[in-house]
Amino acid sequence: MSTIERAEVLVSSPGRNFVTLRITTSDGATGLGDATLNGRELAVASYLRDHIVPLLIGRDPARIEDTWQYLYRGAYWRRGPVTMTAIAAVDTALWDIKGKVAGLPVYQLLGGRARDGVMVYSHASGTDVPSLLDDVARFRELGYLAVRAQAAVPGIGGSYGVRKGAVYEPAATALPDEQPWSTEAYLDFAPAYLRAVRERFGFDFHLLHDVHHRLSPIEAARFGKSVEDCRLFWMEDPTPAENQEAFRLIRQHTTTPIAVGENLTSIWDVQHLITEQLIDYVRTTVVHAGGITHLRRIFDLAALYQVRTGSHGATDLSPITLAAAVHVDISVPNFGIQEYMGYAGETAEVFRSGVRFDKGMLLPSEEAGLGVEYDDKAAERFPYEPRYLPVARRLDGSVHDW
């Protein structure tokens, strides 16, 4: 019987920090899992090295479900982003191994294709309305069928989602960037630039917008109502999800679809949101919600309540997670959309992925497993750099949700 012989935790920073788990079996098969938690990467690396890797040696790599339950229930301290990200890395690596042993891409092990491709959206942004419109035009020319739009609020330096370079990366290499925020200015400005996008480009593509947890429930309700004429595909994270009953209030005031879940880590975190039909899209992702095994569980629950998938896919999720997400997306019946931002050139030097973009969709690799390789030699050129996500402060100096 094949057993797990070695598990390595690999930390590198090709464009940004990534934590990767590589599992090797006694038969020589290898599998890769993403363990990146933006701004807290070394916490997960330590959790893996110090607590999980010793438990893996000698285990049967084919027993994916048993290993998931062993790591989740056996720790006693359940859930939370560090624990679930570490479990996800193990789970994803074991699915990669299983696909390689079977000689099949992972999506075939999940039931095969339920669609021809995975529709994606990317991020258009601008420092003002004209530059935002130019960026939307660029993504439309690239063939995107869906575009997220964000613009800098005039006079407010902390507007979320505005790209500074070729790739959006909010994390800073020094202490956290403390950014100013005005909810009132945002509520006045955001509906205007979303209407400007529709006025220039029409309604023959999907338009998305990320509120990024920054509004109270009644403010979110007001925002959703004010942009109904824009026919958004969704408004993302309109209010912090800790108070899930708050989404019922938003629902009472607007028909704008709601997407939530990128920072939620388990089926129990989204159970109420799904079963009460308080959201339209669940945004949990492979790396932060316990891997392929647990993500499928979440999506199966969502399907019962006509909630569709819309997994998080920012650049702080490595190409391993993107590949795994595409394998899941293409196989589940209730797929909605997949976030896709692309990666810095340095990232592609370390992670070589078979995922392809074509006509607004991503296509999975047809190689056995996930179809991603990790280049150790290239990774040596990109050592870890401490990074922190920003902190938002209201204009009166008080801390706000970033």
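Annotations for the structure displayed:
- Ordering 142-151, 164-173, 325-334 by mean Cβ neighbour count within 10 Å, with the highest value first, yields 325-334, 142-151, 164-173.
- Histogram of C-alpha separations across the chain, 10 Å bin width, %: 5, 23, 33, 26, 10, 2, 0
- Choice from 369, 291, 28 showing the highest fluctuation, given a GNM over the chain with Cα pairs closer than 10 Å: 28
- Scanning residues 5 or more positions from residue 234 or on other chains, those with amide H under 5 Å from its amide H are 209, with H placed 1.01 Å from N in the peptide plane.
- A Förster radius of 41 Å combined with the Cβ-Cβ distance from residue 375 to residue 174 puts the calculated FRET efficiency at roughly 0.90.
- Based on the convex hull around the alpha carbon atoms, the stretch 107-259 presents an average projected area of 11.6 nm².
- Helix 64-73 axis versus longest C-alpha principal axis of the chain: approximately 70°, rounded to the nearest ten.
- Square roots of five times the Cα gyration tensor eigenvalues for the stretch 173-308, Å: 25, 19, 15
- Overall form of the stretch 341-394 per C-alpha gyration tensor (a/c, 1.5; a/b vs b/c): oblate
- Spin-label model distance (nm) - residue 304 vs residue 348, 7 Å beyond Cα toward Cβ: 4.3
- Rounded, prolate or oblate (a/c below 1.5 giving rounded, otherwise prolate when a/b exceeds b/c) for the stretch 31-121 by Cα gyration tensor: oblate
- Residues listed by number, the stretch 109-134, amide nitrogen under 17 Å from residue 401 label point at 7 Å toward C-beta: none
- Taking all Cα-Cα distances within the stretch 257-351, those exceeding 19 Å account for 34%.
- Estimated vicinal HN-Hα couplings, Hz - the stretch 386-396 in sequence order (Karplus 6.51, -1.76, 1.60; Gly, Pro = x): x, 9, 9, 6, x, 10, 9, 10, 4, 5, 8
- Cα-based shape type of the stretch 121-208, given that a ≥ b ≥ c are square roots of the gyration tensor eigenvalues and the cut on a/c is 1.5: oblate
- Put simply, the amide H of residue 355, placed in the peptide plane, has neighbours under 5 Å in 365, leaving out anything fewer than 5 places away on its chain.
- P(r) histogram, all alpha-carbon pairs of the stretch 124-175 included - 10 Å bins from 0, percent: 25, 51, 20, 4
- Positive minus negative residues near residue 8 (Lys, Arg vs Asp, Glu; Cβ under 13 Å): +1
- A P(r) calculated from all alpha carbon pairs of the stretch 295-396, with 5 Å bins opening at zero, reads 2, 10, 18, 19, 16, 13, 10, 7, 3, 1, 0 percent.
- Listed values for the stretch 298-312 are Karplus-derived 3J(HN,Hα) couplings in whole Hz (6.51 cos²θ - 1.76 cosθ + 1.60, θ = phi - 60°), namely 4, 5, 5, 4, 4, 4, 5, 10, 6, 9, 9, 8, x, 4, 3, and x replaces Gly and Pro.
- A Förster distance of 41 Å, applied to the separation of the beta-carbon atoms of residue 131 and residue 363, puts the FRET efficiency at 0.85.
- Segment residue 63-residue 184, extension gain: residue separation times 0.36 nm, minus the distance between their alpha carbons: 38.3 nm
No value in this document is a laboratory result; all are computed from the given coordinates. Values in this document were obtained by computation on a predicted structure and should not be read as measured data. All Cβ positions, even for glycine, are placed from backbone atoms using ideal geometry, and neighbour counts span all protein chains on display.
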